[in-house]
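Here is the structure we will look at, set down as structure tokens.
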Amino acid sequence: MKYCQGTKCHEYRTKDRIRGTKGNKSYQTRRRSEFYYAKGNFCSMSCMNDWLEENIERALDHFGRTTQPKKTECDNAWYKDYKYVHGQSYEHYFVNDLLGQRISITEQEFDNKEITKPNNLSQ
């Protein structure tokens, strides 16, 4: 069992946070075998946001802030997409918005995780 890491989890007034015997009750941080937010560290979005509000500046200072824009060049801007053609089937394709291109591919090529851009296609 692990505890929610939310800084105010114990302050939220819900019945599942009440612990203790009659006359000695308190609200406590949630304890569960599995949480669903932020890789299993928070019991709710509220708890996750509370933690972020309190710790985001220190976390960014510790792990490093982005101080320059990151770029994706044209050659690496390909992504797979698909659309449903009404009454027919799906069309699969590679798209590069920077180059204004769209290249049709098969469903098998779409599903293949090793194919990440058009020049990876088997010829």
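Things worth noting here:
- Over the C-alpha trace of segment 1-104, radius of gyration and Dmax come out as 23.2, 69 angstrom.
- Shape call, segment 43-92: gyration tensor on alpha carbons, a/c limit 1.5: oblate
- Equivalent ellipsoid semi-axes, segment 2-63, via Cα gyration tensor eigenvalues times 5, rooted, Å: 25, 13, 9
- Inter-site label distance for THR14 and MET45 at 7 Å from Cα along Cβ, in nm: 1.4 nm
- When each of VAL85, VAL95 is scored by the number of other beta-carbon atoms lying within 10 Å, the sequence from fewest to most is VAL85, VAL95.
- Set of aspartates and glutamates with alpha-carbon distance to LYS83 below 14 Å, sequence-local pairs under 8 removed: GLU91, GLU107
- For LYS15, the lysines whose Cα comes closer than 24 Å to its Cα, not counting residues fewer than 8 places off in the same chain, are LYS2, LYS25.
- For the chain, adding -39500 (n - 2.57) for each run of n ≥ 4 DSSP H residues and dividing by the number of residues yields -6000 deg cm²/dmol at 222 nm.
- Contact order, relative form, for the chain: 17 percent (alpha carbon pairs under 8 Å, 6 or more residues apart, mean separation divided by residue count).
- Nitroxide proxy distance, nm - points 7 Å out along Cα→Cβ at THR21 and GLU34: 3.4 nm
- Centroid-to-centroid, using Cα positions, segment 50-82 and segment 3-37 are 32 Å apart.
- Positive-end residue, the chain charge dipole about Cα centroid, Cβ charges, pick of CYS43, SER26, GLY6: SER26
Rule-based calculations on the coordinates, nothing more; no lab input. Because the structure is a prediction, the values reported are computed rather than measured. Glycine gets a Cβ as well: all are built from the backbone with ideal geometry, and neighbour counts include every protein chain shown.
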